[in-house]
1. Among the residues in segment 109-116, are any surrounded by 13 or more Cβ atoms within 10 Å (Cβ to Cβ), over 21 Å from LYS40 (Cα atoms), modelled with pLDDT of 95 or more and out of contact with any Pro (no Cβ under 9 Å at 6 or more places or on another chain)?
2. Out of segment 174-211, which residues are closer than 13 Å to LYS230 by Cβ and not in a helix (DSSP H, G or I)?
3. Test MET34 against the stated conditions and say whether it is open to solvent by less than 10 Å² (accessible area, probe 1.4 Å), touching a residue at least 40 places away in the same chain (Cβ under 8 Å) and out of contact with any Phe, Trp or Tyr (no Cβ under 7 Å at 6 or more places or on another chain).
4. Report every pair of residues separated by at least 6 positions or lying on different chains whose Cβ atoms are under 9 Å apart, first residue within segment 136-155 and in contact (Cβ under 8 Å) with a residue 24 or more places away in the chain and farther than 19 Å from PHE182 by Cα, second open to solvent by less than 80 Å² (accessible area, probe 1.4 Å) and basic (Lys, Arg).
5. What single numbered condition from (1) open to solvent by 20 Å² or more (accessible area, probe 1.4 Å); (2) within 30 Å of GLN180 (Cα to Cα) fails to hold for LEU162?
6. Could you count how many residues in segment 178-211 are open to solvent by less than 10 Å² (accessible area, probe 1.4 Å) and in contact with a Lys or Arg (Cβ under 6 Å, 6 or more places away or on another chain)?
7. Of the residues in segment 212-237, how many are in a helix (DSSP H, G or I) and either exposed (fewer than 13 other Cβ atoms within 10 Å of the Cβ) or under 26 Å from the mean Cα position of the chain (by Cα) (or both)?
8. Looking only at segment 178-202, which residues are closer than 18 Å to ALA222 by Cβ and not hydrophobic (A, V, I, L, M, F, W, C)?
Amino acid sequence: IVQFLCLALFSFGQSAEEGIRFIEGEKWENILKMAQEQNKYIFMDCYTSWCGPCQTLAKEVFTLDSVADFFNRHFLCVKLDIEKGKGLELKKPFEIRAYPTLLFLDGKQQVVHRIVGCDGAEYLMKEAGKALDPQLNFRAMQERYMAGERATDFILEYLNYLGHAYLEEEANAIALQYLQGFKEEELITSANWKIIEKYIKDPLAIPLQVVMKRRKAFFDLAPEQEVINKLNLTCRSALASGF
């Protein structure tokens, strides 16, 4: 059995001078049970030994008192080398494609929120706050989408989040599904162009076919060269992949 976690008991009043205390020496099943019993989320730092940003995060962010106090109080914290043991087992189901990937999980091993990369302590604390908020975290956005919410602002926010979380396939599929709900004339908006330009990859997809057909109308929404570049790049990529 691969042991990858380090158990660290702490009191809420204890100093955070050593940084975030990551659990070690416990079986994964026990960590999940602890999360359920304590009604806490698991914060999992998915890293590799060669990842420079992972090392920076560990040395310069996880060691800050403000960060450590917050994470030690609200989460069960785990570090996982994604290239060894349990990391190899969880890499695929958690869709880990870049490092560091920071996951917030519930006691049933379901992802509540995720971050890829980290732009410092302020960003990490902001995202950790979202993870704890049932109205703002990744799970909440998924549930809103599944419930049928299709407001443009929400879709743009959701797609942006998926992109930053390196869930590209999911973002592309949601973008296509959303755009297919419009009639041809309704597709010709600045917001829809932004979605097409960033997320639609298939040259035969209806939204791109509309851009091809009505490209002069899209020239009024975006720089002409941007529209042409998107059409050319999509076609070249399709040909290169043996489309």
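1. No; the residues of segment 109-116 include none that is surrounded by 13 or more Cβ atoms within 10 Å (Cβ to Cβ), over 21 Å from LYS40 (Cα atoms), modelled with pLDDT of 95 or more and out of contact with any Pro (no Cβ under 9 Å at 6 or more places or on another chain).
2. Hits for segment 174-211 are ILE200, LYS201, ASP202, PRO203, ALA205.
3. Numbers: open to solvent by less than 10 Å² (accessible area, probe 1.4 Å): no; touching a residue at least 40 places away in the same chain (Cβ under 8 Å): yes; out of contact with any Phe, Trp or Tyr (no Cβ under 7 Å at 6 or more places or on another chain): yes.
No; evaluated as a whole, the condition is false for this residue.
4. These pairs meet every condition: ASN137/LYS130; PHE138/ARG114; PHE138/LYS130.
5. (1)
6. 0
7. Looking only at segment 212-237, we keep the residues that are in a helix (DSSP H, G or I), and these are 212-213, 215-219, 224-237.
Checking the rest, the ones that are also either exposed (fewer than 13 other Cβ atoms within 10 Å of the Cβ) or under 26 Å from the mean Cα position of the chain (by Cα) (or both) come to 213, 216, 224-225, 229-230, 232-234, 236-237.
Here the count works out to 11.
8. So the first thing to find is which residues in segment 178-202 are closer than 18 Å to ALA222 by Cβ, and the list is 179, 182, 184-201.
Correct list: GLU184, GLU185, GLU186, THR189, SER190, ASN192, LYS194, GLU197, LYS198, TYR199, LYS201.
The values are calculated or read from the model by the stated rules, or taken from the named source; none is laboratory data. Computed from a predicted structure; not experimentally measured. Neighbour counts are summed over all protein chains in view; Cβ atoms, including those assigned to glycine, are modelled from backbone coordinates with ideal geometry. Surface accessibility is based on the protein's heavy atoms, side chains included, excluding ligands, DNA and RNA. Shrake-Rupley method; radii C 1.70, N 1.55, O 1.52, S 1.80 Å.
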